[in-house]
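I have placed the structure first, in the form of structure tokens, so that the comments after it can refer back to it.
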Amino acid sequence: MSSRPTLPEWQDLQDLSESDGQRHLRDLFAEDPGRFGRFSGEAAGLFVDYSKTRITSRVFEGLVALGKAVGIEARRDAMVAGERINVTENRAVLHVALRDTAKGKYLVDGVDVMGDIQTVLSRMEEFCGEVHNGTRTGATGKPLTTVVNIGIGGSDLGPVMVTEALKPYDIEGRRTFFVSNVDGTHMAQTLAQLDPETTLFVIASKTFTTQETMTNAESAKAWYLEKGGTEAGIANHFIALSTNEEAVSAFGIDTENMFPFWDWVGGRYSLWSAIGLPIALQLGWDNYRALLDGAAAMDRHFEAAPLEENLPALLGLIGVWHRSFLGMATNAVLPYDQYLHRLPAYLQQADMESNGKGVTLSGAAVSYPTGPILFGEPGTNGQHAFYQLIHQGTDVIPCDFIAPAQSHNPLGDHHEKLLANFLAQPEALMRGKTVTEVTTDLQAEGLEGHEIADLANHKVFPGNRPTVSILMEKLTPATLGALIALYEHRIFTQSVVWDINAYDQWGVEQGKVLAKSILPELKGGEATRHDASTAGLIEKIKAMRGM
Ligand code: F6P
């Protein structure tokens, strides 16, 4: 059993969860005019307001004390020092090194990895330059104007999210497609939009063994050859981003056309590595570099700021408070920016694959809830879909509201309206609406007696629903980089408090094995032992497919 709950700091918070944790935010704001100033901060171009979370001064102090007791700072320093903190895979975790080239030195097993990082970054920059200026062309001499990234999970979600978020920075005339799903529809629909002479396929896979990616890559190669491409032309039209040189060669890509990264880059933390190449191809090198620099600015804050002022650490601690002490099982991420429409999907992997764990670093069962269920949609769309449950449902769902103060598309008063909603929702979630307020409103509408009594309870909002508001001047490569790093370090902080490994993913690995064993059966092979439901479904599918 995990020993965290035996810590006096944990027990103090447990006690506070029954007193301060039950206070209504409306009262906390009324009592303390300085609350907003005390519970907000700024770093790397992001302003973070956490005053509408369910903390009091005592809870804040208790959380910081817990953070110190579990050694957040020491674990952070161990990560940055290249120690093998991913204990179940015996790997270092050094995505911070990829974006902090100014620091000069990052060691893994005593060896400085900075030279390797610089070499790959320079090759990426050079490659982008050549594609953009037309010195690197397709096999028939035409410019490579279209990129198709074939990858899944961390080899897809980061580049997809970033290229969507930074569309205003697109190089004119360039197109990037992402194919992730093994469902042939994803590939077929993409291929239908391509010209083989101007397309560059980027096969992105850390392991270069992932079933979905390898299947899609083979189909892309077959399509290219079918459309008149030649074996020799593959070198012009296929490149690989991977750690597995052998598998890249076996697939038929010359390792000259491979951009490597290293086992200390986790898949869901890899957009800062060679996996980011499609971003740089779409936005240009300077914008990709600015994304890395934005993340590095947040890293510096995370590495230097005391816990009391450390935004990722505080958000992590508050997340633990909501999840493990107040029993809130979910977290909604609500970007009030259409360009950030893939952020929730990206953060689902970052958070749920990292902290969806039930045993401690030493393998003992945890006795407290860990990683929350994360979901979200851009505002204001979500308001007309699932916010009802957030306002009046029986579960309390902490929400992150994210918005840029300035729009890339200042159309009429659209942005003011968007921001008005961005502000109104957290206020309403915090305040709620009392029965007295509801009654006054209904009276003003001319209702009386039993009409008011019938409706009042339905119109009451409990409020006291915690939210964090994250503001930036504008969504730029730098502020996006900082935002992603803010979440990465928040997730890390939570893993330290929960004493779990945020960097392995054994549950997903198991899924890969299971599907592989069923595949031959669907193709008509001998049935192996299954439960009755799975066996029955296999037979049904075969019958429906005329087998
Ligand atoms: O989804 C599981 C996972 O292992 C992720 O962690 C990873 O990002 C993804 O598969 C893709 O793996 P690869 O880059 O090796 O193809």
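The angle separating the long axis of helix 8-18 from the principal Cα axis of greatest extent in the chain is about 60 degrees. Between R175 and N457, full extension at 0.36 nm per residue minus the direct alpha carbon distance yields a gain of 96.2 nm. Annotation: peptides 176-185, 385-394, ranked by per-residue average of other Cβ atoms within 10 Å with the highest first, follow the order 176-185, 385-394. Across the chain, the fraction of Cα-Cα pairs farther apart than 32 Å, rounded to a whole number, is 50%. Extension gain, T534 to E125, is 142.3 nm, computed as 0.36 nm per intervening residue step minus the present C-alpha separation.
Electrostatic bookkeeping for V147 treats Lys and Arg as +1 and Asp and Glu as -1; over the other residues with beta carbon under 11 Å from its beta carbon, the sum is +2. Between D286 and A405, the FRET efficiency estimated from the beta carbon spacing at R0 = 22 angstrom works out to 0.40. Of all beta bridges that DSSP places with both ends in the stretch 110-209, some 10 percent have antiparallel geometry. Between E445 and A543, the modelled label-to-label distance comes to 5.3 nm, taking each label 7 Å out from Cα in the direction of the beta carbon.
The value for the stretch 128-217 of Rg(Cα) / (2.2 N^0.38 Å) is 1.10. Taking amide H atoms as placed 1.01 Å from N in the peptide plane, the amide H of R91 lies under 5 Å from those of N86, each 5 or more residues away in sequence or on another chain. Here the extension length gained between V513 and E427 equals 26.3 nm, from 0.36 nm per residue of separation less the Cα-Cα distance.
The long axis of helix 435-444 is offset from the longest Cα principal axis of the chain by roughly 90 degrees.
According to the Cα gyration tensor, what semi-axes, each the square root of 5 times an eigenvalue, does the equivalent ellipsoid of the stretch 210-336 have, listed from largest to smallest in whole Å?
Equivalent ellipsoid of the stretch 210-336: 40, 18, 14 Å, largest first.
What does the net charge come to around K167 if you take all other residues with beta carbon closer than 15 Å to its beta carbon, with K and R at +1 and D and E at -1?
0
Computed packing ranks the peptides 339-345, 201-207, 359-365 as 201-207, 339-345, 359-365, most packed first, by mean other Cβ atoms within 10 Å.
Over all Cα atoms in the stretch 485-547, the spread is summed up by Rg and Dmax: 19.2, 53 Å. Roughly how tilted is helix 477-498, in degrees to the nearest 10 and between 0 and 90, from the longest Cα axis of the chain? Result, in degrees: 70.
Counted over the stretch 1-143 with a bin width of 5 Å, the fraction of Cα pairs per bin, in whole percents, is 2, 8, 10, 11, 11, 11, 11, 10, 8, 6, 5, 3, 3, 1, 0. For I402, the amide hydrogen comes within under 5 Å of the amide hydrogens of L334, Y336, I470, counting only partners 5 or more places away or on other chains and with H modelled in the peptide plane. Taking 15 Å as the cut-off, no amide N atom of the stretch 309-337 comes nearer than this to a point 7 Å along the Cα-to-beta-carbon line of F29. Is the shape of the stretch 147-199 rounded, prolate or oblate, going by the alpha carbon gyration tensor and its root eigenvalues a ≥ b ≥ c, with a/c under 1.5 for rounded and a/b larger than b/c for prolate? Note, shape of the stretch 147-199 comes out oblate. Once the convex hull of all Cα atoms in the stretch 448-532 is built, its volume per residue stands at 350 Å³. When peptides 314-327, 460-473 are ranked by their average number of other Cβ atoms within 10 Å per residue, the highest-first order is 314-327, 460-473. Working from label points 7 Å from Cα in the Cα-to-Cβ sense, the T436 to T88 distance is 5.2 nm.
Listing E451, E526, E303, E353 from fewest to most neighbouring C-beta atoms within 10 Å gives E526, E451, E303, E353. Here the spin labels are modelled as points 7 Å beyond Cα on the Cα-Cβ line, and at A527 and E226 they lie 3.3 nm apart. Summarising the strand pairing of the chain, around 30 percent of its internal DSSP beta bridges are antiparallel.
If you take all C-alpha pairs in the stretch 355-416, what percent of them are over 13 Å apart?
Roughly 75 percent, once rounded to a whole number.
Taken together, the values in this text are just the output of simple stated rules run on the coordinates, not laboratory data. In this text the structure is predicted, and so the values were computed from the model without any measurement. We place every Cβ from the backbone using ideal geometry, glycine too, and count neighbours over all the protein chains shown.
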